Amino acid sequence: MTKANRTTCSVMLSPAMKIYELIDAAPMLLSLFSRLNIRLPFGDISVEEMCQRDGYNTSLFLMLCAMHIDLRHRPDAEELTEDMLPEVIAYLRASHRYYAEQMLPHTALHLEEILSHCDDLSARVLRRFYDDYSRYITTHFEEEEREIFTIIDSHSECDTNFALFDMPHTDIDDRSNDIASLIIKSLPESAPTPLRCAMLKHVYALRDDLRRHSNIETHLLRPLVEKRLKRK
């Protein structure tokens, strides 16, 4: 992972880096540990020691870290190996569960707090926007599971639907921005600013994490699948 680390990632990552140093340098990576179900405590162990302990490919783990830290980061194609593919799929599936079971419900709790301070019309509009947004995201995940991950798992010769990696993520971005705009511009003054800010924080965090998810599918999963197809 040495060459890839020098591309755009702002944190100097290495297998010898202590886990506490990694988290201190990039607290956003805590969600990565959560979705991978990596065991605590870490003590003084290094990234490489943790990966060996929990059965993860060290180079791939550092690629995922770099792509979470910097949206512009792109792994070096020469460092991608086909044996990484099952771990990437497992990570993406874990991310789907993380969004569906943690991020979306947590954001919905903040939504309910805001709605309690809104008039009926504003509450109906915002709830409809959020319900449509949440349903769209979970439907997209189901399509990815069915039309991409399952096909890859089965080593099928069928064409993988790479189109799912593209436009739907743009739609998710637009829908996230629509909800944020509604909260900023259109809710009545009775909705307290601290509640608006808390809701916006979670909407933007979800949007940005979904952008990382899309990058991992496009710049990690897709090249790995293409490598396997070329070999056949």
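Listed values, structure above:
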| item | result |
| --- | --- |
| Debye intensity ratio I(q)/I(0), log10, the chain, q values 0.17 Å⁻¹ (C-alpha model) | -1.23 |
| With Cα atoms, 0 to 90° folded angle of helix 85-98 axis to the chain main axis | 20 degrees |
| Estimated FRET transfer efficiency (Asp131, Met28; beta-carbon r; R0 22 Å; 0.05) | 0.20 |
| Neighbour-count ranking [beta-carbon atoms within 10 angstrom, fewest first] of Met17, Met12, Met67 | Met12, Met17, Met67 |
| Per-residue ³J(HN,Hα) for the range 189-196, Karplus 6.51 cos²θ - 1.76 cosθ + 1.60, θ = phi - 60°, Hz, x for Gly and Pro | 4, 5, 7, x, 4, x, 5, 4 |
| Among Lys185, Lys201, Lys18, residue whose mean-square fluctuation peaks in a GNM of the chain (springs only between Cα atoms under 10 Å) | Lys185 |
| Prolate/oblate/rounded label for the range 2-79 (Cα gyration tensor, a/c 1.5) | prolate |
| Extension gain, Thr138 back to His117 (0.36 nm per residue minus Cα-Cα distance, nm) | 4.8 nm |
| Angle in degrees between helix 167-185 and the longest Cα principal axis of the chain, rounded to the nearest 10 | 40 degrees |
| Cα-based helix-to-principal-axis angle, 58-69 vs the chain, degrees rounded to 10 | 30 degrees |
| Nearest-20 debye value, the range 2-79 charge dipole, Cβ charges on Lys, Arg, Asp, Glu | 200 debye |
| Point-to-point label distance, Arg72-Arg97, nm (Cα→Cβ direction, 7 Å offset) | 3.5 nm |
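No value in this document is a laboratory result; all are computed from the given coordinates. All figures in this text were calculated on a predicted structure; none of them were measured in a lab. Backbone-built Cβ (ideal geometry, glycine too); neighbour counts: all protein chains shown.
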